[in-house]
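Beneath this line is the structure, given in structure tokens, with notes to follow.
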Amino acid sequence: MSQIIEVRVPDIGDFKDVPVIEIAVAAGQRVACDDALVTLESDKATLDVPAPAAGVVSELKVKLGDRLAEGSLILLLQTEASKTEKPAAVAVAPVSTAQPAPAAAPQPMATTVAPALAVETAPAGKAHASPSVRRFARDLGVDVTRVPGSGPKGRILHQDVQAYVKGAMAGGGAAGGGVSGGAAFDLLPWPKVDFAKYGPVETRPLSRIQKISAANLARNWVMVPAVSYREDADITELEAFRLKVNEENAGSGVPKLTLLAFLIKAVVAALKRFPDFNSSLDGDTLVLKQYFHVAFAADTPAGLVVPVIRDADCKGIFELAAEAAALAKKAREGRLMPGEMAGACITISSLGGIGGTGFAPIVNAPEVAIVGANKSAIKPVWDGATFVPRLILPLSLSADHRVIDGVAATRFNLFLAQALADMRRVLL
Ligand code: COA
């Protein structure tokens, strides 16, 4: 049955008293689920609040410049009869996770919905555009930093991107390299195949997280000239130590030590030793970070998400293990907040619990490196006199070659392997 729902500002983490800078809809306008309704902008981030369901806007409750906070009423939406609103989700570039709607107070006249939210915390280059405009540009293969903005303070609007594409199609932009899709690369169009001609098929739409991940991964794959480097870490002693400590603490309530926690510790030490790995490119400038926030890829039923452990340099191994476990659990339950997936310096992708002997992870821009780990295995290692069985952890580092050359990457990897072989090195 069709109903009127109140669309309110969902939990937006640290952002409070945020002005409305764009209103993308008007009363009477039909919207599809996930269409951007309004854009909010704090000094740190631009946030799109998309429609939680398809329907018709029955009444707008905000105007440009209004300052909103969590729970502020944005508009009333007459939902379509056949559709139920989707559960709220929080999305953060570059990857995100599904988020159950916060409990809402019952309303006498309408159902309250905390909608999905798109947050852009790291604007591409100096472009001033909302997440929906960035997504729109990305979908069209447009480098948003090249689009002249006609909105307030030079903000790039949807129509600016459209105008830019029109110009490019007419020969004005593509030659300058502005359109970064098939036009610029002169690629063949994506193959259109009627697979059903060859046998039975079924179709499954990508999840929201998969779509966001796909767009980010594709951009990173195309735009980051990354090289992958392999190294073996001898973790024989480390693993024996880890198992011993876990055995000692069994049943005591002390968090279980994981290899991931040691990896985070070793990666922080490597970042300190090689500061260029703790950087991001901003045009021709390298931004060197003085903090150590480490992200790790977490596999969830809804897709891949990347929670971030903040100030990992200030945390002990138990704390890192407990926090990683808590974040991974939250990720699997779809309860991660945008702030818990933002601000990483480097990412660790651990497939060690599953298997594999090596891979080439995609750099999670604007980070410049990602560390991959696969399953450790006993290997024969020559000790100078004989082969001895050692527990070897395969490490796979991918690094942006614009910032990190092969020598630096190999040294970083080697340092990481040495630190894991003897964690006393992280104290040096
Ligand atoms: N070698 C051998 N065994 C390993 C290992 C490694 N490198 N890493 C973990 N294991 C073992 C653990 O010791 C554990 O065994 P135990 O229960 O006997 O102690 C088991 O594998 C399961 O570990 P896991 O659940 O993976 O925990 P974790 O702390 O190692 O990893 C996550 C946590 C969140 C990283 C993990 O659950 C995950 O999601 N990994 C996938 C990441 C991903 O998708 N990457 C790809 C990005 S494209």
Just a yes or no: is a residue in the range 347-361 more than 10 Å from the ligand (Cβ to nearest atom), in contact (Cβ under 8 Å) with a residue 12 or more places away in the chain and crowded, with 20+ Cβ neighbours inside 10 Å? no
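Just the residues that are small (Gly, Ala, Ser) and surrounded by fewer than 23 Cβ atoms within 10 Å (Cβ to Cβ), please, taken from the range 322-341.
Within the range 322-341, the first condition is being small (Gly, Ala, Ser), and the residues that meet it are 322, 324-326, 328, 331, 334, 339.
The answer is 322, 325, 326, 328, 334, 339.
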All-but-one check, residue 8 against (1) at pLDDT below 90; (2) closer than 22 Å to residue 340 by Cβ, failing number (1)
Filtering strands (runs of 3 or more DSSP E) wholly in the range 223-336 for at least 1 residues that are more than 11 Å from the ligand (Cβ to nearest atom) and within 22 Å of residue 213 (Cβ to Cβ) gives 226-234, 279-282, 294-296
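Would you call residue 311 surrounded by fewer than 18 Cβ atoms within 10 Å (Cβ to Cβ), of a type outside the set (Lys, Arg), over 22 Å from residue 217 (Cβ atoms) and out of contact with any Ser or Thr (no Cβ under 7 Å at 6 or more places or on another chain)? Step through it out loud before you land on a result.
Numbers: surrounded by fewer than 18 Cβ atoms within 10 Å (Cβ to Cβ): yes; of a type outside the set (Lys, Arg): yes; over 22 Å from residue 217 (Cβ atoms): yes; out of contact with any Ser or Thr (no Cβ under 7 Å at 6 or more places or on another chain): yes.
Criteria met by residue 311.
Quick check on my filter: what residues within the range 374-407 are part of a loop (DSSP other than H, G, I, E, B), among the polar types (S, T, N, Q) and buried (at least 17 other Cβ atoms within 10 Å of the Cβ)? It would help to see each step written out before you state the result.
Our first condition is that a residue be part of a loop (DSSP other than H, G, I, E, B); within the range 374-407, this holds for 374-376, 383-386, 401-405.
Now narrow it down to the ones that are among the polar types (S, T, N, Q): 374, 376, 386.
Those that are part of a loop (DSSP other than H, G, I, E, B), among the polar types (S, T, N, Q) and buried (at least 17 other Cβ atoms within 10 Å of the Cβ): 374, 376.
Residue-wise test of (1) modelled with pLDDT of 50 or more; (2) on the phi < 0 side of the Ramachandran plot; (3) surrounded by 17 or more Cβ atoms within 10 Å (Cβ to Cβ).
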site	(1), (2), (3)
79	yes, yes, yes
126	yes, yes, no
153	yes, no, no
163	yes, yes, no
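Return yes when residue 414 is closer than 17 Å to residue 266 by Cα and within 15 Å of the ligand (Cβ to nearest atom) and no when it is not. Lay out the reasoning, then the answer.
Working: closer than 17 Å to residue 266 by Cα: yes; within 15 Å of the ligand (Cβ to nearest atom): no.
When the stated conditions are applied, residue 414 does not pass them.
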Based on this model, can you work out whether residue 342 counts as more than 9 Å from the ligand (Cβ to nearest atom) and at negative phi? yes
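Return yes or no: is residue 239 within 30 Å of residue 10 (Cβ to Cβ) and surrounded by 15 or more Cβ atoms within 10 Å (Cβ to Cβ)?
Values: within 30 Å of residue 10 (Cβ to Cβ): no; surrounded by 15 or more Cβ atoms within 10 Å (Cβ to Cβ): yes.
In short, no.
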Quickly run through the range 362-373 and pick out the residues that are near the ligand (Cβ under 10 Å from one of its atoms) and in a strand (DSSP E or B). 370, 372, 373
Considering each residue of the range 374-388, count those that are among the aliphatic types (A, V, I, L, M) and away from the ligand (no atom under 16 Å from the Cβ), and give that number. 3
Members of the range 24-83 that are of a type in the set (Val, Ile, Thr) and in a strand (DSSP E or B): 31, 38, 39, 46, 49, 56, 57, 74, 79
Answer from 336, 351 - the residue that is under 23 Å from residue 277 (Cβ atoms) and either at pLDDT below 95 or among the aliphatic types (A, V, I, L, M) (or both): 351
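The values are calculated or read from the model by the stated rules, or taken from the named source; none is laboratory data. None of these values were measured; they are calculated from a predicted model. Neighbour counts are summed over all protein chains in view; Cβ atoms, including those assigned to glycine, are modelled from backbone coordinates with ideal geometry.
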